[in-house]
Amino acid sequence: MNLKIYNYLTRKKEPFKPIKKGSVGFYACGPTVYDYAHIGNLRTYVFEDVLKRVLEVSGFKVKEIMNITDIEDKIIAGAKKAGKNIDDFSKPYKKAFFEDLNKLNIKKSWKYPEATKHIPEMVKMAEKLLQKKIAYQAKDGIYFNISKFKSYGQLANPKPSDRKDFVIWKYAKKGEPFWKSPFGPGRPGWHLECSAMSMRYLGASFDIHAGGVDLLFPHHENEIAQSEGATGKRFVKYFVEGEHLLVDGNKMSKSLGNVFTLRDLACRGFNPIAFRYLALSANYRSRLNFTWESLEAAQVALDRLYEFIFSLHQNSSFSSRLTLPRNSGGSDASQKIKSFGVNFQKAIFDDLNTPKALAVIWQLIKDYNKSASRRTQKYAPKEVLSALYGFDEILGLGFKNLKAKSPSEIALKLLKERERARKTRDFKKADRIRERIRRLGWQVNDTPTGSNLNPVTSHD
């Protein structure tokens with residue numbers, strides 16, 4: 001089955017065909033490390049991770065790089081305010097970024113190039129643009145002349161009033177970090193950073209450039225102009241962009257107090273993977289409206305999935321010691337599971353339709369439970385587990401991680417988290433965790449000497 005993906009260069013869904021057979025060059029715009037990544041950034045990283053997983057499952061060797069912008073106006077301003085150099089200032093945010101990726105089960109990229117470690121490549125590219133007279137020197141830096149690049153606007157089609165020459169090298173200012181160059185000390189422009197680093201590792205032409213729609217213009221448009229201006233070759237074959245995440249129907253803004261990080265979600269007792277589930281519940285090209293209620297619903301759904309997988313482990317272990325009746329896990333059931341697999345593939349290979357893919361999983365669970373309730377179970381638990389593991393190779397919800405754990409181990413971990421919440425008198429968080437523990441099949445009993453767990457009985 002061939003992947004179809006929406007290409008912003010052509011504004012249509014296209015079959016994915018890499019430049020080089022069997023391999024994919026993939027560049028993803030990464031963080032600017034002046035603060036913690038917010039959930040809008042993280043939504044984009046989740047969709048990029050799904051795309052990478054689909055490509056890998058399809059048999060491609062994927063070279064994905066994600067840049068880290070560690071020199072930029074906001075970083076300089078933040079470092080000055082904190083009385084630190086830019087390295088010391090950005091270091092904790094870099095560390096937090098990788099922690100976030102790990103918590104969201106986002107697979108590691110091939111490389112994470114940092115801008116400050118690739119200045120020579122950026123200088124060389126600026127030199128080439130000057131030599132070709134596509135760039136020029138001004139009082140404050142070197143600028144790209146968009147009138148010399150006839151295809152400018154091919155990606156975003158900006159209004160004429162928005163089409164402006166852009167800086168590729170900023171001359172040094174007093175008190176700011178700078179690097180030496182043949183055309184004067186300074187630092188690279190943001191757009192130049194991505195072009196130089198992507199071409200350093202993926203070559204002059206590569207397959208996929210991914211990011212958020214807010215980067216279409218001017219960032220990605222300017223990347224195309226300077227890259228193709230320097231090399232004379234097509235820069236990228238597919239531009240794949242994720243839509244905005246809103247919070248209560250509004251764009252995130254510090255003035256509105258609605259900029260949330262993964263730490264904020266954890267402080268309210270949510271599993272980071274619940275946010276991943278929420279991100280998957282909407283198509284990456286659709287706006288996603290984040291509310292605490294929607295995250296709660298995602299957490300409930302995730303707990304139900306985990307509970308179902310635990311039950312499959314138990315039933316699988318039990319059924320392996322029995323002689324199964326003929327209608328249990330037979331060829332008809334195997335064919336039915338295969339049909340779910342086909343439907344899952346159809347959804348995911350149609351422009352990463354993750355909501356539809358999740359719906360396939362829930363339909364499989366519904367069918368399984370329906371058969372069990374009628375005592376005519378036609379599915380072998382091991383086959384269902386195998387199918388779910390296969391689906392999760394793409395969705396990344398951590399199904400296989402549950403293998404080595406029992407519900408009690410997870411419940412005990414949550415119980416400790418609840419105790420900490422009670423000690424800080426965060427009773428709302430404690431109540432939410434109690435409900436999560438209950439959904440795992442355990443009842444919290446608070447006593448004068450502490451809290452303990454008992455299995456939920458039918459009358460609880």
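Every number in this text was worked out from the coordinates using simple rules, so none of it is lab data. Since the structure is predicted, the reported quantities are computational estimates derived from the model, not experimental observations. Methodologically, a virtual Cβ is constructed for each residue, glycine included, from the backbone with ideal geometry; neighbour enumeration extends over all protein chains shown.
If R0 is 45 Å, what FRET efficiency do you get for residue 179 and residue 386 from their C-beta distance, rounded to 0.05? Rounded to the nearest 0.05, the efficiency is 0.25.
Listing 236, 444, 360, 342 from fewest to most neighbouring C-beta atoms within 10 Å gives 342, 444, 360, 236.
Other residues whose C-beta falls under 14 angstrom from the C-beta of residue 205 contribute a net charge of +4, scoring Lys and Arg +1 and Asp and Glu -1. Give the label of the value calculated from the structure for volume of the Cα convex hull per residue in Å³, choosing from [x] 151; [y] 141; [z] 170. Only one option fits the structure, namely [z].
One chain, two ends: residue 332 and residue 164. Fully extended at 0.36 nm per residue, the span grows by 54.1 nm beyond their Cα-Cα distance.
Of all aspartates and glutamates in the structure, those lying under 15 Å Cα to Cα from residue 81, and not within fewer than 8 positions of it along the same chain, are 35, 72, 73, 176. When the listed pairs 254/428; 139/164; 74/254; 111/170; 21/128; 52/94 are checked against a 19 Å cut-off, the alpha-carbon distance exceeds it for 254/428; 111/170; 21/128; 52/94.
Near residue 242, once Lys and Arg are set to +1 and Asp and Glu to -1 for all other residues with Cβ below 9 Å from its Cβ, the sum equals -1. Tally Lys/Arg at +1 and Asp/Glu at -1 over every other residue whose Cβ is under 14 Å from the Cβ of residue 148; what's the total? So the surrounding residues net to +4. Full extension of the segment from residue 234 to residue 369, taken as 0.36 nm per residue of separation minus the current Cα-Cα distance, would add 43.4 nm. Cα centroids of region 383-443 and region 87-127: 31 Å apart. Between the C-alpha center of region 209-262 and that of region 139-203 there is a gap of 16 Å.
In summary, the aspartates and glutamates within cross-link reach of residue 13, defined as a Cα separation below 14 angstrom excluding same-chain residues under 8 places away, comprise 241, 350, 351. In summary, the lysines within cross-link reach of residue 366, defined as a Cα separation below 27 angstrom excluding same-chain residues under 8 places away, comprise 336, 338, 346, 356, 378, 382, 400, 403, 405.
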